[in-house]
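Please read the structure below before turning to the comments.
None of the figures in this text is laboratory data; all of them are computed from the coordinates on show. Just so it is clear, the model here is predicted, and its values are computed rather than measured. Here the Cβ positions follow ideal geometry from the backbone for every residue, glycine too, while neighbour counts run over all protein chains shown.
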């Protein structure tokens, strides 16, 4: 071994780094509100365990803790908002697995939403995001086309959500489910709940959109068919009281005339349903009621792995979102079942796209099975 | 900082995709679960032993610090590159190489996560017991480097008790095989035991041979409440000296209880102290005997046993307060951060209650909030300092509180760290208490790492003041 005596490596001499903050740092009007929450995070790294992005990419900057640290760096001005930092802040599916596993339940997705809002304010805008939001502004839905809701003049307002609005045949069937369990649906000329504005960081535009959304609602209480819309509305419109369709079905299904389906499937818990709304038993109870046996995935309930489709990831980095879905789908295939059922239309879309390529497993919405059982 | 690291060379060793000196990556890898922050010059993710050797040869020739890093969950600044250099992120070397149930050992790469190893051992009816609270993400390499342990260390010991051998890359890139695969070895220096707890200062662990043991078939957990913490302390000391064999023996003080009750609303009894006691084993009669012994001792010391159960769900309920304590502390009061300083001292059993009282006294004196809880069965007292991390005066107060608590701990024959290691935060107090040991440790360090490139400025070489050793990772306002 050769020995040199460079000054910096003398154990008695240390070059201690200094905190470097830029005077002209990015304006962090939204992140400021999260400073205490970022200090609550003890950086224990427990959030690595289930983070789907970390599992795919493997650098600490990809895990939830790493992203919280990036947000802190933007807040303090120690980090400049480069394209790389922006990409990392947007590479999150908002699955909330991190919050669920966190000792202190630190809301990292909410912190990232604030970071995104500050980045947007600073001019870091993805063209794909802008195009999506413009579609909503122009047509009221994420598809940017005229969609006609299957109007029903009943008593209980039903919010379909963009994805079911576009899948009109499915929407008709799901409305039939409600009718068969004694509900008279009132379908109205709805617009998007505004979730994309929120998760992609367009807070100012969200406020304006929310006003429009509220104007279309026939009342504060309604049933919502989409998992993500329900979760977003509960979080972002505290004055509204939506019920998720699955709650209503579970209450009323025991009194309905149900045909047992005699199927064996696996069930993928959507993040916004299990972790967001806390509904883990409800879908399983319903599947049991209609004679469907559930073979559980290795991670399920509140610890279920994400499909990769949330948080705008399908728009920001589709390849990554699909890799996450592929991993999840492979777990289902290994169970030896023919069908994976889920509830969130985005999970259905992302997992379904991968399933179609492999032809090894079918992906269906749980509501399809309920409809079949009530036929 | 600002080392002239040859990125192209590192890329040629591990591949371009496994090297990054991007400011954002350096910033993220500049902190861990401690209060410290200092950026590395580059982060490298090696996949093979040969790659680690090549990196070390290069770093040793160029005098560039190298800091091996597992999950980065250390609470004392173990992986914070105080003087810059190369972070070796070992998480990609995460293969379980061999499980030999017939010989009761396994060989693993350093990046294997503790829980993953236990999942792999479970089908054989075996387990690897040291599991710290962070076992879900903690890597075996990190656990060895820190001699990690957890709630069941009272019965099963710490990581050191399970390391049979290892492959170590020295500072100059040489690879050495240490230890054995047998349970006993009497052949010269037990160097592998020296590496356990060396905090990355003596070599890079690139493979470990770990022993494992059969899983217990039964577990029973009880909860006893005490009106005075002295009674709880006496009961703990008595349980240990009685010869009872708890598999867990935990203490929670009234601040811990209040934190759980006010933030989580799970209705723990409003008393001065709670003791959780657990026994495990193969035969119910034997477990019953242990539980009854501990119950009687608690009652002898004015404790009231509120619950005792074998049922897994009930055990989860009984343990919920302790399990969620950390969460409760983090949410104790808006604006306060839960900092790991003076957080894992160990004291003699007879001083457990007195230590808890001293912690409360010091906290009050310096205007911070401190709780006392921990794995008292193994003598470990945990505490966290809850403070406003944005205020400079709070840090000064914390510094004095830490100093005073450690002076007390050492005066009663206790030690600085039972579980979390020394690194930066605890070095000043530890060095003060172990002056006699420092020259020996420095001599060992110089022998194995003459150029001082492996995790420099930690342990015996750490700065005298943890508060100024690195910038704090919190944004302290003027």
(request) Would you calculate the volume per residue, in Å³, of the smallest convex hull containing every Cα atom of the range B:228-317? (result) 87
(message) Which residues among the range B:125-152 fall inside the zone where the amide N is under 14 Å from a point 7 Å beyond the Cα of residue B:183, along Cα→Cβ?
(response) none
(request) Would you look at the GNM of chain A, springs on alpha carbons closer than 10 Å, and say which of A:114, A:355, A:104 moves the most? (result) A:104
(request) Over 24 Å, how big is the tail of the calculated P(r) for the range A:63-206, in percent of all Cα pairs? (result) 47
(request) Starting from the coordinates of the alpha-carbon atoms of chain A, obtain the Kirkwood hydrodynamic radius over all distinct pairs and give the value in Å to one decimal. (result) 22.1
(message) Using a 10 Å cut-off around each Cβ, can you sort A:222, B:277 from fewest to most neighbouring Cβ atoms?
(response) A:222, B:277
(message) If you scale each eigenvalue of the Cα gyration tensor by 5 and take the root, what three semi-axes come out for the protein assembly as shown, rounded to whole angstrom and sorted largest first?
(response) 47, 33, 27
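Would you compute, from DSSP H runs of 4+ residues alone, the mean residue ellipticity of chain A at 222 nm, taking -39500 (n - 2.57) per run and dividing by the full residue count, rounded to the nearest 500?
After summing the helix terms and dividing by residue count, I get -13500 deg cm²/dmol.
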(request) Alpha carbons only, please: Rg and Dmax for the range B:231-390, in angstrom. (result) 15.9, 55
(request) For the range A:244-293 and the range B:98-121, compute the distance between their C-alpha centroids and round to whole Å. (result) 38
(message) As an exercise, use a Förster radius of 30 Å and the Cβ-Cβ distance of residue B:437 and residue B:57 to find the FRET efficiency, rounded to the nearest 0.05.
(response) 0.45
(request) Express as a percent, rounded to the nearest 5, the fraction of DSSP beta bridges in the protein assembly as shown (both residues included) that run antiparallel. (result) 70
(request) Normalise the Debye intensity by I(0) for the range B:90-144, one equal point scatterer per Cα, no solvent, then take log10 at q = 0.16 Å⁻¹ and round to two decimals. (result) -0.41
(message) With 10 angstrom as the radius, rank B:220, A:92 by how many other C-beta atoms surround their C-beta, starting from the fewest.
(response) B:220, A:92
(request) Please determine, in degrees from 0 to 90 and to the nearest 10, the orientation of helix A:108-121 with respect to the longest principal axis defined by the Cα atoms of chain A, where the helix direction is its Cα long axis. (result) 70
(request) Find the all-direction average of the projected area of the Cα convex hull for chain B, expressing the result in square nanometres with one decimal place. (result) 22.1
(request) Once every Cα of the range A:295-347 carries one equal point scatterer and solvent is ignored, give the base-10 log of I(q)/I(0) from the Debye formula at q = 0.16, 0.18, 0.28 Å⁻¹, two decimals. (result) -0.47, -0.60, -1.20
(message) Using 10 Å bins from zero, what percent of all Cα-Cα pairs in the range A:215-314 falls into each bin?
(response) 14, 40, 33, 12, 1
(request) Beyond 20 Å, what share of the Cα-Cα pairs of the range B:303-430 is found? Please give it as a whole percent. (result) 48
(request) Give the calculated FRET efficiency between residue B:119 and residue B:364 to the nearest 0.05, with a Förster radius of 60 Å applied to their Cβ-Cβ distance. (result) 0.85
(message) If you restrict to DSSP beta bridges whose two residues both lie in chain B, what percentage is antiparallel, to the nearest 5?
(response) 85
(request) Quote the convex hull volume per residue of the range A:133-207, based on C-alpha atoms, as a whole number of Å³. (result) 89
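Cα-Cα pairs above 25 Å in the range B:94-214: how many percent?
Value for the range B:94-214: 14 percent of Cα pairs lie more than 25 Å apart.
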(message) Can you tell me, using C-alpha contacts under 8 Å and at least 6 residues apart, the relative contact order of the range A:139-250 as a whole percent?
(response) 28
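Relative contact order of the range B:94-214, please, whole-number percent, based on alpha carbon pairs below 8 angstrom and at least 6 residues apart.
Once normalised by length, the contact order is 30 percent.
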(request) Output the direction-averaged projected area (hull surface divided by four) of the convex hull of the alpha-carbon atoms of the range B:160-304, in nm². (result) 12.6
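Using the Kirkwood formula over every pair of different C-alpha atoms, what hydrodynamic radius in Å results for the range B:9-107?
14.4
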(request) Using the Kirkwood radius over Cα pairs, work out the Stokes-Einstein diffusion coefficient for the range A:257-374 at 37 °C and 0.692 mPa s, in µm²/s as a whole number. (result) 231
(message) With equal scatterers on the alpha carbons only and no solvent term, can you work out the Debye log10 of I(q)/I(0) for the range A:265-324 at 0.15, 0.21, 0.23 1/Å?
(response) -0.51, -0.83, -0.92
(request) Do me a favour and compute the ellipsoid semi-axes for the range A:48-105 from its Cα gyration tensor, root of five times each eigenvalue, largest one first, whole Å. (result) 20, 13, 9
(message) Counting only helical runs of four or more DSSP H residues, what would the 222 nm mean residue ellipticity of chain B come to if each run contributes -39,500 (n - 2.57) and the total is spread over all its residues?
(response) -10500 deg cm²/dmol
(message) Please arrange B:207, A:100, B:98 by how many other C-beta atoms lie within 10 Å of their C-beta, fewest to most.
(response) B:98, A:100, B:207
(message) From Cα pairs below 8 angstrom and at least 6 apart in sequence, can you work out the relative contact order of the range B:57-141, rounded to a whole percent?
(response) 26
